[in-house]
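Here's the structure, in C-alpha cells; my notes come after.
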C-alpha cells in the first residue's frame, strides 16, 4: 500500500507493519488490490502498484525496481523465493546496482531501468516492494539467508589488524533531511582510539566534511562501494542505502534513526528482523541527535575494548 490509497487504511497498515503484524497489514493490501486503488498509473512510478493479483506460478515474472537503491537492496532478497515458483525471474533495476545484483541467487536476467518500457517479454509484472505481500510474509517467514549480496573486500588505506576499520555515513538523500546528522556533532567519533574511521559519505564536500576528519578513501562505483563495506569491521550510518548494503552483505552495521523512522525499522526495537547484523540507535526526541552520537561513541569504545 501507499499514501495514495485510503489515508485511514494506509495509517492502519503502517501501524501493523511497525508492530510486526504483517499478516494483518496484508488484509488492507488485499482491499487495495481488489478495488484497484493501488494501480494508478498517472502517479509517479514509486507510488504505483504494479501487481494485479495474478498467479506467478510457472510465469515469466518481471520485477520492476521503482523505489530507491536501498529499497531494491532490501527486497531483492525475495528473488530466490520467487524463482522457486516462477519459470523466469527478470529484474529491471537501477543501472548502478546491476553488478551487485549479479551476485543474487534466483535472478535469470537483469535489465537496466530507464524511463521507457522494458524491452523484454514477460507474463506478469510486480514491483520489488510488493514481494513481501505477494508471499504473505510474516516475521517468522521473512527470508533470512545472509549474505544475499556478495562482494570481494577492497583494501583500504592504512587498514591494519591493530585497529578496527569503521565506516561512517551521516547524510541521507535530500528528500528527507530529518535522517541527516549535522557534521558538527560527529567529533566524538573522530577522537576514538583503536579505530580507523573511513569517510564513506557520498559527496563529502557538500556534506560539510572537513579535511583531517577521518580517512577519505575516495569515491567509488556502487559495486566497489560494496567491496569497501565488505572489508569493514563496522559501518555506522544513517537510514540510507549504505545501511541496506551492509546488512545484505552481512557486515556489522549500526543504523542511526530519527524519532519518526520508517515502518521497516518497526517500533521499540534495537535490532532488525531484516538484517541480523544490524543494531539500531534511535532518537528519543525528533531532531535531537546528540544523545544518539553519545550512545554510539560509548558503544564504539566498548567494542574496541572487547576486541583489541
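The values are calculated or read from the model by the stated rules, or taken from the named source; none is laboratory data. Source: prediction; values computed, not measured. Cβ placement follows ideal geometry from the backbone for every residue including glycine, while neighbour counts extend to all protein chains displayed.
Can you tell me which residues in region 149-175 are more than 23 Å from residue 210 (Cα to Cα), surrounded by fewer than 15 Cβ atoms within 10 Å (Cβ to Cβ) and under 17 Å from the mean Cα position of the chain (by Cα)?
Correct list: 175 only.
Consider residue 208 against the criteria (1) surrounded by fewer than 16 Cβ atoms within 10 Å (Cβ to Cβ); (2) touching a residue at least 12 places away in the same chain (Cβ under 8 Å); (3) not assigned by TED's automatic domain parsing to the domain that holds residue 242: it satisfies all of them except one. Which criterion is unmet?
Residue 208 satisfies all of (1) surrounded by fewer than 16 Cβ atoms within 10 Å (Cβ to Cβ); (2) touching a residue at least 12 places away in the same chain (Cβ under 8 Å); (3) not assigned by TED's automatic domain parsing to the domain that holds residue 242 except (3).
Can you spot a residue in region 284-303 that is assigned to a loop (DSSP other than H, G, I, E, B), touching a residue at least 12 places away in the same chain (Cβ under 8 Å), within 20 Å of residue 19 (Cβ to Cβ) and in contact with a strand residue (DSSP E or B) (Cβ under 7 Å, 6 or more places away or on another chain)?
No, because not a single residue in region 284-303 is assigned to a loop (DSSP other than H, G, I, E, B), touching a residue at least 12 places away in the same chain (Cβ under 8 Å), within 20 Å of residue 19 (Cβ to Cβ) and in contact with a strand residue (DSSP E or B) (Cβ under 7 Å, 6 or more places away or on another chain).
Residues of region 110-135 being assigned to a loop (DSSP other than H, G, I, E, B) and either free of Cβ contacts under 8 Å to residues at least 40 places away in the same chain or over 20 Å from the mean Cα position of the chain (by Cα) (or both), which ones?
114, 115, 116, 117, 118, 119, 120, 121, 122, 123
Out of all the residues in region 58-109, which are under 18 Å from residue 244 (Cα atoms), touching a residue at least 40 places away in the same chain (Cβ under 8 Å) and assigned to a loop (DSSP other than H, G, I, E, B)?
65, 66, 67, 68, 103, 104, 105
Across region 178-215, what is the total count of residues that are within 24 Å of residue 307 (Cα to Cα) and within 24 Å of the chain's Cα centre (by Cα)?
Counting residues in region 178-215 that are within 24 Å of residue 307 (Cα to Cα) and within 24 Å of the chain's Cα centre (by Cα) gives 6.
Output the residues belonging to region 203-233 that are closer than 28 Å to residue 265 by Cβ and part of a helix (DSSP H, G or I).
If the condition is that a residue be closer than 28 Å to residue 265 by Cβ and part of a helix (DSSP H, G or I), then 204, 206, 207, 222, 223, 224, 225, 226, 227, 228, 229, 230 are the ones that fit.
Take residue 122 and tell me if it is farther than 19 Å from residue 247 by Cβ and at pLDDT 95 or above.
So residue 122 fits the description; yes.
Can you spot a residue in region 221-241 that is at positive phi and in the same structural domain as residue 292 (by TED's automatic domain parsing)? Give the steps one after another, and end with the answer.
Just the residues of region 221-241 that are at positive phi, to begin with: none.
Scanning region 221-241 turns up no residue that is at positive phi and in the same structural domain as residue 292 (by TED's automatic domain parsing).
For the condition at pLDDT below 95 and more than 21 Å from residue 53 (Cα to Cα), what is the one hit in 147, 95, 153, 157?
The match here is 157.
Inspect region 234-255 for any residue being outside any helix (DSSP H, G or I) and surrounded by fewer than 15 Cβ atoms within 10 Å (Cβ to Cβ) and give the result as yes or no.
Looking through region 234-255, none of the residues is outside any helix (DSSP H, G or I) and surrounded by fewer than 15 Cβ atoms within 10 Å (Cβ to Cβ).
In region 100-113, which residue that is surrounded by fewer than 22 Cβ atoms within 10 Å (Cβ to Cβ) and out of contact with any strand residue (DSSP E or B) (no Cβ under 9 Å at 6 or more places or on another chain) is nearest to residue 230 (Cα to Cα)?
103
I'd like to check something: does region 6-20 contain any residue that is assigned to a helix (DSSP H, G or I), touching a strand residue (DSSP E or B) at 6+ places or on another chain (Cβ under 9 Å) and modelled with pLDDT under 90?
No, region 6-20 has no match at all.
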